[in-house]
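Structure first, then comments.
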Amino acid sequence: MIKFIKKFRKEDEGAVTVDWVVLTAAVVGLGVAGVTAVQGGVDTLADNISTGVAAQDVGNAAQGSGG
């Protein structure tokens with residue numbers, strides 16, 4: 001049993017996997033935080049663009065340039 005414990009302590013192959021899992025989780029967490037931080041501003045901008053586009057009157061301009 002002592003040999004098994006000593007051998008287990010020397011092996012570090014799983015440590016690299018743990019590092020990658022932690023790093024990936026951190027990147028995903030930062031991505032989610034970034035999306036959450038800008039979501040309100042993007043929604044407001046989309047509403048402003050929608051209002052601006054809806055206010056445009058392109059029907060009269062197209063008829064007036066026909067000739």
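Every read-out reported here was derived from the displayed coordinates using simple, explicitly stated rules and does not represent laboratory data. Treat the numbers as computed from the prediction; the structure is a model and nothing was measured. All Cβ positions, glycine included, derive from the backbone under ideal geometry; neighbour counts span all protein chains shown.
Quick one: dipole size for the chain, taken about the Cα centre, charges +1 on Lys/Arg Cβ and -1 on Asp/Glu Cβ, in debye to the nearest 20. Intermediate values should be presented prior to the final figure.
Values: 5 positive and 7 negative charges, 162 e Å.
My answer is approximately 780 debye.
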In nm, to one decimal, how far is the modelled label at ASP19 from the one at LEU45, with both set 7 Å along Cα→Cβ?
-> 3.7
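Assuming R0 = 35 Å, can you tell me the calculated FRET efficiency for the pair LYS10 and VAL32, based on Cβ-Cβ distance, to the nearest 0.05?
Numbers: r = 37 Å, r/R0 = 1.07.
About 0.40, to the nearest 0.05.
How do the peptides 2-11, 29-38 rank, highest first, by the average count of neighbouring beta carbon atoms within 10 Å per residue?
Values: 2-11: 7.9, 29-38: 9.7.
Per-residue Cβ counts within 10 Å, averaged per peptide and sorted highest first, yield 29-38, 2-11.
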Helix 13-55 sits off the longest principal axis of the Cα atoms of the chain, rounded to the nearest 10 on a 0 to 90 degree scale, by 10
